[in-house]
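**Q** Take a look at the following structure, please.
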Amino acid sequence: MTDTFDFVVVGGGSGGCAVASRLSEDPNTSVALLEAGGSGDNWVVTTPGALILMVSGKVNNWAFDTVPQAGLNGRIGYQPRGKTLGGSSAINAMVYIRGHRQDYDQWASLGNTGWSYADVLPYFKRSEDNEELDGEYHGKGGPLHVSGSRSDNPVRETFLQAAREAQFRIREDFNADEQEGLGTYQVTQKNGERWSAARGYIHPFMATRANLRVETNAQATRILFEGKRAVGVEFRQGKEIRQIRARREVILSAGAFQTPQLLMLSGVGDSAALAKHGIESRHHLPGVGQNLQDHPDFVFGFTSDAPHFAGLSFGGIARIFKGIAQYRRERRGPMTSNIAECGGFLKTRPDLDVPDIQLHFCMAMVSDHGRKPRWGTGFSCHVCLLRPKSKGSVWLQSADPFAAPAIDPNFLGEEADLHAMVAGFRMTRRLLDAPALKAMQTSDVFTAGVESDDDIKKTLRQYVDTVYHPVGTCKMGVNDSLAVVDPKLKVYGLEGLRVVDASIMPTLIGGNTNAPTIMIGEKAADMIKAEMRG
């Protein structure tokens, strides 16, 4: 006997949690949510400071690698992705950013009716429960808790002082009418604990909604079709291969890498490429896996003996133990830190309409995503390029559903990206050389003596990698040969199949991608409900 539901959602990440929760608000609509990882509700997820344990290794993390990157001297990059309920919102740095209004207006200008900034703002607000901000740009009472950091780290003030000294404007709210400037980030936390998409949208209802079934440790292996109609999903749970049926729709929310992978495994994609793996074509859709976009990111690192930074030193380790005790007592202090507490958005040229770089200032010195521990304490500052011209792709390495997909972000593939990142490097250094931050540095770990443009380019190719924002591999579009879904997020040429995650973004937004992916889930649920009523 195969279980049957109105909707089967594949992937319990930011988009999947939002769409599954909103659809299951109607007690007459049954929803099954399949998640390849665990339940995402233990201390490693809820304690913000534990994110380093997840990002750097295999805890709640797929920990993918890229193919060798030609623009990065042939290096293999790293792509952590959440593998648990909440998806990457359970392992990320919790920065609450929506992107620039112009990003969404651009989507609409490409023919994606209903996706302008004015169209999507209500969904950002509906999802949000902002502890500190309100007004026309913010929401109260939504499932996603947003607040200021409770780390109480005095370095935040030092960062703002340096920003003033370097003559950058200070921005109180990056999600209001303007984005440009530097400041401190709001985070997806409540009372000092991480607030993942699962915590907001799924955990509260797992026991109370009889129409919502959540299957964890359930990895989808293929979509089941009858002709051109998606009718269910095959998945592995433990050692068992099971099937689950969908009366109305299968909704793919497995993320920018695994949604296209699952489509291709199921015969949807470029038919010639699938034939190489012996996969019979169900529907030729050449855009599946194309249009991968991600923010290339460089990290400055400094050692410091200031007593406010995380790291491996006798003082740093003592601070961690003291911080754990404080966190247990009052949910404040260093263990509530999202590490990337400050940052902002800057224009490398005054003639730009929108900021083209984003900074993440971190209260620890991180090398290679935390995978190369160093003795000593310090701080770091990421600079990423917000709208890179380089595009990459995702494809199958084999027909084995448990093999990782091949991932090629094509970082610095276009020369223009390298030039823009040189400008971003110089602008960020202007901030880091300001007296307030300079005074805290004992050594410059990666960029000492790097002065000329050629030196900077060499350093960028040596160190650039992802800042964890892959999108675009099932792009939304109209009259576009690479579009995979229409503006209602329905897969072209098939029935009963939608994509609801960051892979539908036609272009990469200028900022962190978690809040926008939750917005996509919220909007998708509304579109589906409207069709059910209609």
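Derivation of every value follows stated rules applied to the coordinates shown; laboratory data play no part. Predicted, not measured: the structure shown is a model, and the values here were computed from it. Counting neighbours? That spans all protein chains shown, and the Cβs are built from the backbone with ideal geometry, glycine included.
**Q** Scanning region 45-94 for residues that are among the aliphatic types (A, V, I, L, M) and over 21 Å from residue 311 (Cα atoms), which turns out nearest to the chain's Cα centre (by Cα)?
**A** 90
**Q** Further question: Give the number of residues within region 214-237 that are surrounded by fewer than 24 Cβ atoms within 10 Å (Cβ to Cβ), aliphatic (A, V, I, L, M) and under 27 Å from the mean Cα position of the chain (by Cα).
**A** Result for region 214-237: 2.
**Q** Tell me yes or no: at least one residue of region 474-486 is buried (at least 22 other Cβ atoms within 10 Å of the Cβ), under 14 Å from residue 299 (Cα atoms), in contact with a Leu (Cβ under 9 Å, 6 or more places away or on another chain) and not acidic (Asp, Glu).
**A** No; the residues of region 474-486 include none that is buried (at least 22 other Cβ atoms within 10 Å of the Cβ), under 14 Å from residue 299 (Cα atoms), in contact with a Leu (Cβ under 9 Å, 6 or more places away or on another chain) and not acidic (Asp, Glu).
**Q** Exactly one condition in (1) crowded, with 17+ Cβ neighbours inside 10 Å; (2) within 20 Å of residue 207 (Cβ to Cβ); (3) without any contact (Cβ under 8 Å) to a residue 60 or more places away in the chain is false for residue 29; which is it?
**A** The failed condition is (3).
**Q** OK, next. Taking the condition of being of a type outside the set (S, T, N, Q) and in a helix (DSSP H, G or I), how many residues in region 96-138 meet it? Lay out the reasoning, then the answer.
**A** Step one: of region 96-138, the residues of a type outside the set (S, T, N, Q) are 96-101, 103-105, 107-108, 110-111, 114-115, 117-126, 128-129, 131-138.
Now narrow it down to the ones that are in a helix (DSSP H, G or I): 101, 103-105, 107-108, 117-126.
Number satisfying all stated conditions: 16.
**Q** Please verify whether residue 463 is within 18 Å of residue 409 (Cβ to Cβ) and surrounded by 22 or more Cβ atoms within 10 Å (Cβ to Cβ), treating the condition exactly as stated.
**A** Judged against the criteria, residue 463 is not a match.
**Q** In region 166-187, which residues are aliphatic (A, V, I, L, M), surrounded by fewer than 20 Cβ atoms within 10 Å (Cβ to Cβ) and touching a residue at least 24 places away in the same chain (Cβ under 8 Å)?
**A** Kept after step one, since they are aliphatic (A, V, I, L, M), are these residues of region 166-187: 166, 170, 176, 182, 187.
Narrowing further to those that are surrounded by fewer than 20 Cβ atoms within 10 Å (Cβ to Cβ): 166, 170, 176.
Result: 166, 176.
**Q** Right, another one. Just to confirm my filter: which helices (runs of 4 or more DSSP H) fall fully inside region 238-346 and include at least 3 residues that are buried (at least 24 other Cβ atoms within 10 Å of the Cβ) and either in contact with a helix residue (DSSP H, G or I) (Cβ under 9 Å, 6 or more places away or on another chain) or of a type outside the set (Ser, Thr, Tyr) (or both)? Can you show your working first?
**A** On the way: elements: 255-265, 271-275, 314-330.
The helices (runs of 4 or more DSSP H) meeting that bar are 255-265.
**Q** Would you tally the residues in region 62-77 being touching a residue at least 40 places away in the same chain (Cβ under 8 Å), surrounded by 18 or more Cβ atoms within 10 Å (Cβ to Cβ) and among the small types (Gly, Ala, Ser)?
**A** Total meeting the criteria: 2.
**Q** Could I ask something else about it? What about residue 163, is it closer than 30 Å to residue 267 by Cβ, in contact with a helix residue (DSSP H, G or I) (Cβ under 8 Å, 6 or more places away or on another chain), among the small types (Gly, Ala, Ser) and surrounded by 16 or more Cβ atoms within 10 Å (Cβ to Cβ)?
**A** Values: closer than 30 Å to residue 267 by Cβ: no; in contact with a helix residue (DSSP H, G or I) (Cβ under 8 Å, 6 or more places away or on another chain): yes; among the small types (Gly, Ala, Ser): yes; surrounded by 16 or more Cβ atoms within 10 Å (Cβ to Cβ): yes.
It is false that residue 163 is closer than 30 Å to residue 267 by Cβ, in contact with a helix residue (DSSP H, G or I) (Cβ under 8 Å, 6 or more places away or on another chain), among the small types (Gly, Ala, Ser) and surrounded by 16 or more Cβ atoms within 10 Å (Cβ to Cβ).
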